[in-house]
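Here's the structure, in structure tokens; my notes come after.
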Amino acid sequence: MHTVLEGPIRQVGFVVRDLQAALKSWCSLGVGPWYTTGDHQLRDCWYRGDHCEPTISVAFASSGPMQIELIQPVDDTPSIYREFLDAGHEGYQQLAWWVRDFDAVTQAANAAGWSQVFRGDGVVSFAYYETDPIVTTIVEVAELNDAAQGLADLLDAAAADWDGVTDPVRPLPRG
């Protein structure tokens, strides 16, 4: 059997209505520290075939080898995140695979008939697909470039050294 994706799941994504409340809940489970962005506009995205530039706030942390991402849409711009909340959902939304050859994997996903519902090409290119609803709501394919690897390394090192109390929420360094 040939699969589109290879390698492990690297990230689990959650869409939340209140990022601060979600961070408090996750910290109470001992997950952290969290690195956050304030309101950040995603540029040049495509949602269900239409151009969009939603504004989101995001937080990242590592728990062992798994990266956790919390996403809060902060405007009403149509996006996969706004769609999720507007449908009455909150919480787990996506599994993400990180890939070196983003273009090849997205071409393979499209050829396999996966429905691409959201895409962006910024610091890290990403594409969201609706696939098998039994497995997951959304599959994300994200480019594993130097920026993505740098974030993963930062989160892993911070989690390994975190005492569970000190500075549980930190700004994501720019650059």
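Within segment 146-170, the residues that satisfy the criterion of being within 17 Å of the chain's Cα centre (by Cα) and either part of a strand (DSSP E or B) or without any contact (Cβ under 8 Å) to a residue 40 or more places away in the chain (or both) are 146, 147, 149, 150, 153.
Mind listing whichever residues of segment 30-55 are closer than 18 Å to residue 173 by Cβ and either of a type in the set (S, T, N, Q) or part of a strand (DSSP E or B) (or both)?
The first filter runs over segment 30-55 and keeps only residues closer than 18 Å to residue 173 by Cβ, leaving 32-40.
Residues satisfying the conditions are 34, 35, 36, 37, 38, 39, 40.
Residue selection: residue 137 fails the criterion of being of a type in the set (Ser, Thr, Tyr) and either without any contact (Cβ under 8 Å) to a residue 12 or more places away in the chain or out of contact with any strand residue (DSSP E or B) (no Cβ under 6 Å at 6 or more places or on another chain) (or both).
Return the residue satisfying two criteria in turn: it lies in segment 66-95 and is assigned to a loop (DSSP other than H, G, I, E, B) and within 15 Å of the chain's Cα centre (by Cα), and of such residues it is nearest to residue 120 (Cα to Cα). If we take residues in segment 66-95 being assigned to a loop (DSSP other than H, G, I, E, B) and within 15 Å of the chain's Cα centre (by Cα), then 79 is nearest to residue 120 (Cα to Cα). Checked against (1) more than 18 Å from residue 13 (Cβ to Cβ); (2) aliphatic (A, V, I, L, M); (3) surrounded by 17 or more Cβ atoms within 10 Å (Cβ to Cβ), residue 157 meets all criteria but (3). Per the conditions (1) farther than 26 Å from residue 114 by Cα; (2) among the β-branched types (Val, Ile, Thr); (3) surrounded by 20 or more Cβ atoms within 10 Å (Cβ to Cβ), the sole criterion not satisfied by residue 37 is (3). Scan segment 97-117 for residues that are part of a helix (DSSP H, G or I) and hydrophobic (A, V, I, L, M, F, W, C) and the total you get is 6.
Selection of segment 4-26 for residues being assigned to a strand (DSSP E or B), more than 10 Å from residue 72 (Cβ to Cβ) and of a type in the set (Val, Ile, Thr) yields only 12.
Any idea which residue in segment 82-120 is surrounded by the fewest Cβ atoms within 10 Å (Cβ to Cβ), counting only those that are in contact (Cβ under 8 Å) with a residue 60 or more places away in the chain and in contact with an Asp or Glu (Cβ under 6 Å, 6 or more places away or on another chain)? Step by step, filter segment 82-120, then rank; the result is 117. Scanning segment 2-17 for residues that are surrounded by 13 or more Cβ atoms within 10 Å (Cβ to Cβ) and more than 17 Å from residue 141 (Cβ to Cβ) turns up 14, 15, 16.
Every number in this text was worked out from the coordinates using simple rules, so none of it is lab data. Since this is a predicted model, take the numbers as computed values, not measurements. Ideal geometry is used to build each Cβ from the backbone, glycine not excepted, and the neighbour counts take in all protein chains shown.
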